[in-house]
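The values are calculated or read from the model by the stated rules, or taken from the named source; none is laboratory data. Since the model is a prediction, treat every value here as computed from it, not as a measurement. Neighbour counts run over all protein chains shown; Cβ positions are idealised from the backbone, glycine included. For accessibility, only protein heavy atoms count, side chains too; no ligands or nucleic acids. Shrake-Rupley method; radii C 1.70, N 1.55, O 1.52, S 1.80 Å.
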Amino acid sequence: MTEIFQTQRLIIREWIPEADAAQAFEIYGDSEVVRFLSGIPEESVENVRVRLQRVTERYTQLNNGSGLWAIVEKQTGEIVGTVLLKQLPNNEGKPTQDYEVGWHLKKAVWGKGYATEAGRGAIEYGFNLLKLPVIYAVVKLENHGSIRVTQRLGMIPMGRTHKYYGIELELFKLDTDQFFLSCQI
Ligand SMILES: CC(C)(COP(=O)(O)OP(=O)(O)OC[C@H]1O[C@@H](n2cnc3c(N)ncnc32)[C@H](O)[C@@H]1OP(=O)(O)O)[C@@H](O)C(=O)NCCC(=O)NCCS
């Protein structure tokens, strides 16, 4: 098991497709969780396992520090979501040089501040270890819960963009100086 980083209440680690598929299905089989993602809930644990396998292989191959990782609640040892730090895909699905932070939480843990805590950890990791100058987030226009997370993280709203994923999204941005300044206050 490869741990990526820890926060006060959470451990962020690589997915283990075989062992984690059932817990991941609890997240991605829920229509409310995927509402602003693909919109289509996963149908089976096996489908989720295959997805996790592909994801872990892709990031192992890339080997550039980016990833899509499991969030484990320290108190229970349970997987409660995903946090990601990866290159934004352009409208053809090709990776750009722009990195995004993102979060998907199991419904049972919404309202505990885990998305903000994991997102802040991923941003610190991106600035400190990957030496990224800027980190973005993209959010579907009606996803108010996620827009609130970007605000808690001190990200700057940049308006709408059509540059990524082939759809219209709200773009948020944070650069190193803004982030470390907001941490000191
Ligand atoms: C978007 C999503 C992550 C937001 O989850 P969330 O639980 O509202 O966000 P946070 O983890 O930041 O939690 C913040 C809430 O917890 C509360 N909270 C409780 N304890 C807290 C703590 N210790 N620290 C911070 N906030 C805390 C806050 O008051 C806040 O509640 P509020 O929204 O009523 O003000 C969640 O709805 C989700 O996973 N959705 C599905 C996937 C998705 O759409 N992802 C985003 C794609 S762009």
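What the table below lists for this structure:
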{"read-out": "Span from the the stretch 1-61 Cα centroid across to the the stretch 77-155 one, whole angstrom", "value": "15"}
{"read-out": "From phi via Karplus (6.51, -1.76, 1.60), per-residue ³J(HN,Hα) for the stretch 68-85 in Hz, x at Gly/Pro", "value": "10, 10, 7, 9, 10, 6, 4, 4, 10, x, 8, 7, 10, x, 10, 10, 9, 9"}
{"read-out": "Principal semi-axes in Å for the stretch 1-82 [√(5λ), Cα gyration tensor, largest first]", "value": "20, 17, 12"}
{"read-out": "Cut-off 14 Å between beta-carbons: net charge of the residues surrounding Thr56, Lys and Arg +1, Asp and Glu -1", "value": "+2"}
{"read-out": "Net length gained if the chain between Gln8 and Lys131 were fully extended (0.36 nm per residue, minus Cα distance)", "value": "42.0 nm"}
{"read-out": "Residue-normalised accessible area of the chain, given per residue in Å² at a 1.4 Å probe", "value": "53"}
{"read-out": "Among Thr116, Thr76, Thr60: highest mean-square fluctuation, GNM of the chain, C-alpha pairs under 10 Å", "value": "Thr76"}
{"read-out": "Largest-first principal axis extents of the Cα set of the chain (Å)", "value": "41, 36, 34"}
{"read-out": "Unit charges on C-beta of K, R, D, E only; dipole of the stretch 3-184, Debye", "value": "360"}
{"read-out": "Listed peptides 33-40, 22-29 by packing density, highest first (mean Cβ within 10 Å)", "value": "22-29, 33-40"}
